[in-house]
1. Calculate the spin-label point distance for ASP73 paired with ARG34, positioning each point 7 Å from the Cα along the beta-carbon direction, and give it in nanometres.
2. Apply the Kirkwood formula to the chain: the hydrodynamic radius equals the inverse of the mean of 1/r over all pairs of different alpha-carbon atoms; give it in Å with one decimal.
3. Suppose a student asked you for the relative contact order of the chain, using Cα pairs under 8 Å spaced at least 6 residues apart; what percent would you report?
4. Run the numbers for LEU16 and THR88: contour at 0.36 nm per residue of separation, minus the present Cα-Cα distance, in nm.
5. Which of GLY81, GLY31, GLY51 moves the most in a Gaussian network model of the chain with Cα springs under 10 Å?
6. For HIS79, HIS57, which order do you get if you count the other beta carbons within 10 Å of each Cβ and list the fewest first?
7. Kindly provide the helix-only [θ] at 222 nm of the chain, computed as the sum of -39,500 (n - 2.57) over DSSP H runs of four or more divided by all residues, to the nearest 500 deg cm²/dmol?
Amino acid sequence: MTILALSLGFVAINLLTVFAFAHDKARAVSGGWRVRESTLLGLAMVGGSPGAVWARHRLRHKTRKQPFATCLDLIAMVHAGLAVGLATLLIG
């Protein structure tokens, strides 16, 4: 798999995650059916944590909701640690 394909996949999952957060926020305001928290966290888990963290702060959505906020923060920290570890291995 090429770096280009991985990059495009990363961008796609993050855009999808931001869209899901925006959709859930709009539904919360209008009183419609919501996106499940497990779906939002699942998107973050499979690589969308940067988009999830950005959307949470930008949209001011689910910022105080527990344990959701803690779970999202933990997922983001694990992903950051994995990225640093991978970069360290690749750079040498």
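1. Result for the modelled spin labels: 2.0 nm.
2. So the Kirkwood estimate lands at 13.9 Å.
3. Numbers: 73 pairs, mean separation 24.9, N = 92.
27 percent.
4. Extending this stretch completely gives an extra 23.1 nm.
5. Judging by the Gaussian network model, the answer is GLY31.
6. Sorted ascending by nearby Cβ count, the order is HIS57, HIS79.
7. For the chain, the value works out to -25500 deg cm²/dmol.
We did not get these values from a lab; they are worked out from the coordinates using the rules stated. Remember, predicted model here, so these are calculated numbers, not experimental data. We place every Cβ from the backbone using ideal geometry, glycine too, and count neighbours over all the protein chains shown.
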